[in-house]
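A short worksheet on the structure shown next.
The values are calculated or read from the model by the stated rules, or taken from the named source; none is laboratory data. Predicted model only: the values in this text are computed from it and were never measured. Glycine also receives a Cβ, built like all others from the backbone with ideal geometry; neighbour counts cover every protein chain displayed. The protein model used for the area step is the full one, side chains on, heavy atoms only, and it has no ligands, DNA or RNA in it. Shrake-Rupley method; radii C 1.70, N 1.55, O 1.52, S 1.80 Å.
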Amino acid sequence: MHILLVEDDKILAEGLSQMLRGNGMLVDVVHTGGDAGFVLQHQQLSAMVLDIGLPDTDGLEVLRKLRAGGSTLPVLLLTARDAISDRVRGFDLGADDYLVKPFSTLELVARLKALVRRTAPRTSETRLGLLVLDSQTKRLMINGHPVDLSVREWNILEYLLQQESRVVSKQQIIDAILPYGEDLTLNAIEVYVSRLRLKLADAQVAIKTIRGFGYMLEEQKN
């Protein structure tokens with residue numbers, strides 16, 4: 001996570017930046033709205049922590065310009081103002097979250113992580129080894145080549161990918177993929193898994209049999 005921290009209180013900014021870095025984040029620190037605008041134009045960021053009370057401009061003006069330019073960068077506002085009207089104005093201008101000083105640094109970390117996770121672009125693709133499975137288009141590609149699967153094979157592979165590196169029993173597979181009222185035997189699961197193994201031979205992944213327990217899908221390292 002690459003965070004831009006905009007805070008005019010240099011002592012507070014230093015403490016917050018050390019705490020964020022200690023939680024595995026890359027942090028750029030600026031103390032004015034002008035410097036914030038420069039960084040926003042030249043860096044790829046995960047989120048911005050923005051103090052409202054800046055010396056050269058109101059932090060909300062930085063936010064307004066950011067949104068006017070079409071940016072969807074997640075923004076968490078910091079402020080000593082606790083009036084409801086200030087919070088409402090911040091959200092109206094496009095803020096994603098809000099913390100009033102003083103606040104818990106642990107809460108700031110938790111909110112930032114949740115904010116980035118919530119706003120991260122979602123993909124329908126699952127990748128493992130040379131395998132790419134697209135749950136939206138129902139396509140399987142192995143090393144760039146399409147591979148045909150039956151509906152049952154698709155459902156089993158999709159479930160195994162969701163449970164990657166976990167052991168799942170044949171019954172768990174049946175319970176996960178079978179519509180209510182339909183029937184599927186344990187022996188049938190063995191047949192479908194056998195077919196999948198042949199089709200995944202060049203995918204650098206393996207469906208391993210864990211005797212007495214079931215199957216586990218994992219990447220094969222060279």
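Return the pairs, sorted by first residue and then second, in which the second residue is open to solvent by less than 30 Å² (accessible area, probe 1.4 Å) and assigned to a loop (DSSP other than H, G, I, E, B), the first residue lies in region 95-113 and is closer than 15 Å to V6 by Cβ, the beta carbons are less than 7 Å apart, and the residues are 6+ apart or on different chains.
D96/P74
Limited to region 18-45, what total is found for residues that are assigned to a helix (DSSP H, G or I) and either closer than 15 Å to F103 by Cβ or β-branched (V, I, T) (or both)?
Total satisfying the criteria: 3.
Of the residues L184, L217, only one is part of a loop (DSSP other than H, G, I, E, B) and open to solvent by less than 30 Å² (accessible area, probe 1.4 Å); which?
None of the other options fit; the residue is L184.
Can we say S169 is in contact (Cβ under 8 Å) with a residue 24 or more places away in the chain and exposed (fewer than 15 other Cβ atoms within 10 Å of the Cβ)?
Numbers: in contact (Cβ under 8 Å) with a residue 24 or more places away in the chain: yes; exposed (fewer than 15 other Cβ atoms within 10 Å of the Cβ): no.
Spelling it out, it is not the case that S169 is in contact (Cβ under 8 Å) with a residue 24 or more places away in the chain and exposed (fewer than 15 other Cβ atoms within 10 Å of the Cβ).
If a residue must be open to solvent by less than 40 Å² (accessible area, probe 1.4 Å) and either without any contact (Cβ under 8 Å) to a residue 40 or more places away in the chain or of a type in the set (S, T, N, Q) (or both), how many such residues does region 172-181 contain?
Keep residues of region 172-181 that are open to solvent by less than 40 Å² (accessible area, probe 1.4 Å), which gives 173-174, 177-178.
Then drop every residue that is not either without any contact (Cβ under 8 Å) to a residue 40 or more places away in the chain or of a type in the set (S, T, N, Q) (or both), which leaves 174, 177-178.
Number satisfying all stated conditions: 3.
Of all residues in region 140-173, how many are polar (S, T, N, Q) and assigned to a loop (DSSP other than H, G, I, E, B)?
Qualifying residue count for the region: 5.
Restricting attention to region 145-166, report how many residues are closer than 16 Å to I210 by Cβ, touching a helix residue (DSSP H, G or I) at 6+ places or on another chain (Cβ under 9 Å) and either surrounded by fewer than 11 Cβ atoms within 10 Å (Cβ to Cβ) or among the small types (G, A, S) (or both).
Matching residues across region 145-166 total 0.
Hey, E190 hits all of (1) within 20 Å of L128 (Cβ to Cβ); (2) touching a Lys or Arg at 6+ places or on another chain (Cβ under 8 Å); (3) without any contact (Cβ under 8 Å) to a residue 24 or more places away in the chain; (4) in a helix (DSSP H, G or I) but one; which does it fall short on?
Going through (1) within 20 Å of L128 (Cβ to Cβ); (2) touching a Lys or Arg at 6+ places or on another chain (Cβ under 8 Å); (3) without any contact (Cβ under 8 Å) to a residue 24 or more places away in the chain; (4) in a helix (DSSP H, G or I) one by one, E190 breaks only (1).
Considering only region 18-40, state which residues are free of Cβ contacts under 8 Å to residues at least 12 places away in the same chain and either open to solvent by less than 30 Å² (accessible area, probe 1.4 Å) or in contact with a strand residue (DSSP E or B) (Cβ under 6 Å, 6 or more places away or on another chain) (or both).
Passing the criteria: only R21.
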